[in-house]
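What follows is a set of notes on a single structure, which appears directly below.
The values are calculated or read from the model by the stated rules, or taken from the named source; none is laboratory data. Small disclaimer: the values here were computed from a predicted structure and weren't measured. Because the Cβ atoms are built from the backbone with ideal geometry, glycine has one as well, and the counts that use them run over all protein chains shown.
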Amino acid sequence: MGMKKFIFSSFLILSLLFTVGGVWGQDVLTRQILDDSALRLALVDTWFKEVPGRVLNKAPEYYTLRGGSRVQVRVETTGQNRDEFAIVIAREQNGAYTGRAQGSWALTRRRDNDPSGMRIRVFLRSDFNTYVQFRPFNDEKCLMDVVLYDGYVMRSHPVPVPFERLFTLPLDEILNLAGNTFPRRYFDPEPGMYRDSRAFIAKVRARLNELFFLDDGAQDENGNFVFINTLMPQATQTGRGGVNCSGFAKWVVDGILRPFTGERLAITPLKAPFGNRGSPFTDTWEALRDPFFGLDWIRNLASIAGTILRSPAFASLEEIEVRGNPFSYGILRQDGGSSVYAYPGYIQNAGFGFEGLYPLLYTLAIDEPGRIYLAAVNDEIGAPETPDNPRGLPRIRQYYHVAVLVPYFTERGVFQVAVFESGEETSFTAFRTRYPGQFVNLVRIPIDGSFDP
């Protein structure tokens with residue numbers, strides 16, 4: 001180590017105000033992130049404002065922050081935009097410098113001789129999908145974005161300092177610039193609040209071998225596996241019960257409620273219409289196509305669960321249905337690039353578009369811990385003309401699939417979504433990509449970790 005580097009490291013040890021709030025591998029609260037503003041101050045002339053050609057030729061440099069944490073400063077280039085490069089202050093995590101560990105910081109610059117930066121991105125959690133971002137605006141202000149899994153919970157919020165002032169401000173001062181509008185809670189999950197969710201997931205997984213997929217199958221209030229349409233018993237000698245997607249959702253809800261009531265739910269009341277849906281036009285097709293079966297089914301399940309687990313006041317549509325949406329813009333990624341688009345949020349008689357479902361579930365996990373969500377997938381569906389049906393069938397919205405979604409954080413604070421459907425566990429990626437351009441309606445059900453179907 002050269003004398004200059006040694007002196008600077010000693011300066012950091014004396015100057016930095018915060019200490020490490022926990023061991024790497026599990027994030028600390030955002031207010032406990034070790035501040036590196038003294039390091040950034042020393043990098044302004046040699047990295048942040050240096051001629052791009054010289055910066056691009058720099059080798060990575062390493063520094064030690066107070067508390068023993070190591071930091072790597074390096075240049076990153078990507079194939080997506082050859083006109084840009086990033087200066088990354090990467091925190092060490094488990095011996096690696098990914099640039100996405102909690103507290104890591106990146107300044108994106110142009111390759112031409114323009115000394116101004118384009119954006120600053122700060123990772124407040126060890127999750128590259130969640131970050132805050134700042135962009136220049138004018139000589140007195142810059143703009144702040146908060147992004148969670150490609151959903152903007154804050155976009156272009158003005159903060160009262162010039163962009164370059166962020167080069168040297170302590171991290172918590174930067175975050176406080178947005179005042180109470182900064183949604184800090186989305187970066188400070190408490191893993192202990194999801195013990196019930198993790199226990200519930202484990203218990204559901206352990207019982208899945210009791211089931212197999214059978215079209216129109218479900219378990220009635222007496223524990224018999226029957227067909228939903230006729231209530232006739234299933235002819236099975238396997239020792240396992242047959243369920244379709246709707247029957248499986250009922251099996252899950254029965255498992256949540258039976259420890260409290262000692263009973264399972266009857267099937268017929270779950271098929272009753274619930275709340276406003278459709279129009280006079282779709283009314284004429286109810287008997288033939290039953291377009292709202294999945295929507296009525298999950299609403300009835302959630303309403304009954306709300307009554308039993310909370311009170312009759314929690315049985316209304318306003319209580320059980322997810323309608324709020326914390327973001328109105330998203331990032332669309334395709335063909336190696338990305339663009340910002342306006343996300344419509346909740347749409348009456350449809351729910352939410354699949355492209356915004358994951359960030360929505362992330363915010364729900366933070367805002368409503370200890371809940372699962374029944375999802376009714378829907379799309380506008382018709383049928384082409386055929387010799388037997390020369391007029392075809394008109395396109396109307398049909399709710400044709402039901403799934404159980406459990407958003408939660410692991411013991412180490414990693415966000416995940418467990419997906420159960422039709423008697424098995426699938427992945428969220430498979431669930432999302434199966435229904436491109438379609439919609440999902442969500443209802444919420446509280447859990448306490450108990451499960452016995």
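Table: residues versus (1) at pLDDT 90 or above; (2) farther than 13 Å from VAL443 by Cβ; (3) surrounded by fewer than 20 Cβ atoms within 10 Å (Cβ to Cβ).
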residue: ASN276; (1), (2), (3): no, yes, yes
residue: PHE281; (1), (2), (3): no, yes, yes
residue: THR284; (1), (2), (3): no, yes, yes
residue: ALA305; (1), (2), (3): yes, no, no
residue: GLU318; (1), (2), (3): yes, no, yes
residue: ARG323; (1), (2), (3): yes, no, yes
residue: PRO326; (1), (2), (3): yes, yes, no
### Query
Name the strands (runs of 3 or more DSSP E) wholly within the stretch 41-143 that hold at least 1 residues that are touching a helix residue (DSSP H, G or I) at 6+ places or on another chain (Cβ under 7 Å), aliphatic (A, V, I, L, M) and more than 16 Å from ILE174 (Cβ to Cβ)?
70-76, 84-91
### Message
Looking at the stretch 315-333, I want the residues that are under 18 Å from ALA350 (Cβ atoms) and touching a residue at least 40 places away in the same chain (Cβ under 8 Å) and have a partner that is of a type in the set (Phe, Trp, Tyr) and part of a strand (DSSP E or B) with Cβ atoms under 8 Å, at least 6 apart or on another chain. Which pairs are those?
### Response
VAL322/PHE352; VAL322/TYR373; PHE327/TYR152; SER328/TYR152; GLY330/TYR152; GLY330/TYR341
#### Entry: Qualifying positions in the stretch 98-112 - over 18 Å from ASP45 (Cβ atoms) and either within 25 Å of the chain's Cα centre (by Cα) or not assigned by TED's automatic domain parsing to the domain that holds TRP47 (or both)
THR98, GLY99, ARG100, ALA101, GLN102, GLY103, SER104, ALA106
### Task
Could you tell me which numbered condition PRO446 fails, if it satisfies all but one of (1) buried (at least 16 other Cβ atoms within 10 Å of the Cβ); (2) over 16 Å from ALA302 (Cβ atoms)?
(2)
### Summary
Inside the stretch 172-217, the number of residues satisfying the requirement of being part of a helix (DSSP H, G or I), closer than 30 Å to ASN229 by Cα and of a type in the set (Asp, Glu) is 1
### Query
Restricting attention to the stretch 300-333, which residues are closer than 25 Å to VAL253 by Cα, of a type in the set (D, E, K, R) and not in a loop (DSSP other than H, G, I, E, B)?
GLU318, GLU319, GLU321
## Note on the structure
When the stretch 30-70 is checked residue by residue, the ones that are touching a Leu at 6+ places or on another chain (Cβ under 6 Å), among the hydrophobic types (A, V, I, L, M, F, W, C) and more than 16 Å from LEU166 (Cβ to Cβ) are LEU34, LEU65
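Please determine, by comparing only the residues of the stretch 245-263 that are surrounded by fewer than 21 Cβ atoms within 10 Å (Cβ to Cβ) and not aromatic (Phe, Trp, Tyr), which one is nearest to ILE445 (Cα to Cα).
GLY255
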### Message
One residue is enough: does the stretch 146-154 have a residue meeting the conditions assigned to a loop (DSSP other than H, G, I, E, B), outside the structural domain of PHE409 (by TED's automatic domain parsing), among the charged types (D, E, K, R) and within 17 Å of the chain's Cα centre (by Cα)?
### Response
yes
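Matching residues to (1) under 20 Å from ILE320 (Cα atoms); (2) not in a strand (DSSP E or B):
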{"site": "ARG395", "(1), (2)": "no, no"}
{"site": "GLN398", "(1), (2)": "no, no"}
{"site": "ALA403", "(1), (2)": "yes, no"}
{"site": "PRO407", "(1), (2)": "yes, no"}
{"site": "GLY413", "(1), (2)": "no, yes"}
{"site": "VAL417", "(1), (2)": "yes, no"}
{"site": "TYR435", "(1), (2)": "no, yes"}
{"site": "VAL440", "(1), (2)": "yes, no"}
{"site": "ARG444", "(1), (2)": "yes, no"}
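Residues are listed down the side, and each one gets a yes or a no for (1) free of Cβ contacts under 8 Å to residues at least 12 places away in the same chain; (2) of a type in the set (D, E, K, R); (3) closer than 30 Å to GLN32 by Cβ; (4) in contact with a helix residue (DSSP H, G or I) (Cβ under 6 Å, 6 or more places away or on another chain):
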| position | (1), (2), (3), (4) |
| --- | --- |
| PHE182 | no, no, yes, yes |
| GLY192 | yes, no, yes, no |
| ILE201 | no, no, yes, no |
| VAL226 | no, no, no, no |
| THR230 | yes, no, no, no |
| GLY239 | yes, no, no, no |
| SER246 | no, no, no, yes |
| ALA249 | no, no, no, no |
| LEU257 | no, no, no, yes |
### Message
Out of the residues in the stretch 334-368 meeting the condition of being over 18 Å from ARG397 (Cβ atoms) and part of a loop (DSSP other than H, G, I, E, B), tell me which one is nearest to the chain's Cα centre (by Cα).
### Response
GLU368
### The one condition in (1) surrounded by 16 or more Cβ atoms within 10 Å (Cβ to Cβ); (2) within 27 Å of ILE366 (Cβ to Cβ) that GLY192 fails to fulfil
(1)
